Amino acid sequence: MRSSTPGHRWIPRLLMTPAVATLLLWMIVPLGMTIYFSLIRYNLMQPDQTGFVGLMNYEFFISNPAFTDAVMNTLLLLGSVVIITVVLGLALALLINDPFPGQGLVRILLISPFFVMPTVNALLWKHMMMNPIYGVLAQIWQFFGLTPIDWLTDMPLGSIIIMISWQWLPFACLIFITSLQSMDREQLEASELDGATYWQQLRHLYLPHMGRAISVVIMIEVIFLLSIFAEIFTTTGGGPGTESTNLAFLIFTEALLNFDVGAASAGALLAIVLANIVAIFLIRMIGKNLER
């Protein structure tokens, strides 16, 4: 058996160097430029005013009256969508878990909304479902003699939550269905013979078995939901006022509407800090769950 020499040990590392270097450049260069822009005065409408400003961009972004609303809206949107998709996804997965005629077709129909592009999803809900004049929801309201709701004006953030929940519900449902397929059927049958009710099975068998799947769904959804932008831009534009503005849209406003690249860069770094705080919390929570 050939002994591994120092030369042989360095060959794999040497072959991996281009890929690792490319990945590092891909991450470090944009991050470095963002940090640099956040520390200088860089307004596209005032190109003659430049120079180092330290933490003034951060102070300006945090002192923005819309900042607190944006953070609260981001957390509210995140929490609401995660709760809705996990609860309804779990309910739907349990509902269609047992074989029935047309089960395959039902599963395809449940999963299909996840493949709709975010902009198309927003336009569909804005014009087809939530329009106060000819939308489907307005027609239902009128059928029961009620006054239709102008969803995007009266409930802007709630409307965004409904749109995103509709799109992410199939993802949660798909993960839960996959997890249910690996359950021990003999254990379920034994619990039925022992007289266990469905709710007892749900509490002591189904939920413990699906703990990992629920953790994975929460982690993946949080990663993507922190950067929700297309639905807000397409429907409410962050309004009325700041009622549906999240951090991603506030950064966009500073960069491409107010042309303040410095403040937008500072906001982007603050968003990264918030995302890492959430990630640390989730990793600890999910790590404990996976160790069980």
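Some observations on this one:
- The helices (runs of 4 or more DSSP H) found wholly in region 112-230 and carrying at least 1 residues that are more than 15 Å from the chain's Cα centre (by Cα), within 30 Å of LEU270 (Cβ to Cβ) and without any contact (Cβ under 8 Å) to a residue 24 or more places away in the chain occupy 156-180.
- Within region 234-252, residues that are touching a residue at least 40 places away in the same chain (Cβ under 8 Å) and more than 18 Å from LEU123 (Cα to Cα) have Cβ atoms under 6 Å from residues that are surrounded by 22 or more Cβ atoms within 10 Å (Cβ to Cβ) and among the β-branched types (Val, Ile, Thr) in these pairs: ASN246/THR74; LEU247/THR74, counting only partners at least 6 apart in sequence or on another chain.
- GLY267 being crowded, with 20+ Cβ neighbours inside 10 Å and on the phi > 0 side of the Ramachandran plot: no
- Residue in region 57-80 that is farther than 30 Å from ASP260 by Cα, surrounded by fewer than 15 Cβ atoms within 10 Å (Cβ to Cβ) and of a type in the set (Val, Ile, Thr) present: no
- Verdict on PRO18 being more than 28 Å from the chain's Cα centre (by Cα) and closer than 30 Å to GLN181 by Cα: no
- Residues satisfying the stated conditions in region 231-249, i.e. assigned to a loop (DSSP other than H, G, I, E, B) and either crowded, with 18+ Cβ neighbours inside 10 Å or touching a Leu at 6+ places or on another chain (Cβ under 7 Å) (or both): THR236, GLY238, THR242, GLU243, SER244, THR245, ASN246
- Lone unmet requirement of (1) small (Gly, Ala, Ser); (2) at pLDDT 90 or above; (3) closer than 15 Å to THR85 by Cβ for SER179: (2)
- Odd one out for PHE252, checked against (1) in a helix (DSSP H, G or I); (2) within 19 Å of LEU152 (Cβ to Cβ); (3) within 14 Å of the chain's Cα centre (by Cα): (3)
- Filter result for PRO30 (in a helix (DSSP H, G or I) and surrounded by 10 or more Cβ atoms within 10 Å (Cβ to Cβ)): yes
- Hits in region 17-35 - residues which are of a type in the set (Ser, Thr, Tyr) and farther than 25 Å from SER265 by Cβ: THR17
Yes/no matrix, rows are residues, columns are (1) over 24 Å from CYS173 (Cα atoms); (2) out of contact with any Asp or Glu (no Cβ under 9 Å at 6 or more places or on another chain):
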site	(1), (2)
LEU44	yes, no
THR50	yes, yes
GLY54	yes, yes
ASN64	yes, no
ILE84	no, yes
LEU105	no, yes
ILE108	no, yes
LEU123	no, yes
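- Any hit, region 95-107, residues being within 30 Å of ALA279 (Cβ to Cβ), in contact with a helix residue (DSSP H, G or I) (Cβ under 7 Å, 6 or more places away or on another chain) and either without any contact (Cβ under 8 Å) to a residue 12 or more places away in the chain or among the aliphatic types (A, V, I, L, M) (or both): no
- All positions within region 140-187 that are crowded, with 19+ Cβ neighbours inside 10 Å, among the polar types (S, T, N, Q) and out of contact with any Phe, Trp or Tyr (no Cβ under 6 Å at 6 or more places or on another chain): SER165, GLN167, SER179
- Annotation: of all residues in region 188-227 being loosely packed, with under 14 Cβ neighbours inside 10 Å and polar (S, T, N, Q), the one that is farthest from LEU274 (Cα to Cα) is THR197.
- Checked against (1) of a type outside the set (Asp, Glu); (2) in a helix (DSSP H, G or I); (3) under 29 Å from TRP199 (Cα atoms), PHE100 passes all but a single condition, namely (2).
The values are calculated or read from the model by the stated rules, or taken from the named source; none is laboratory data. Bear in mind that the values here come from a model prediction, so they are computed numbers and not experimental data. In this analysis, Cβ positions are derived from the backbone assuming ideal geometry, glycine residues included, and neighbour counts consider all displayed protein chains.
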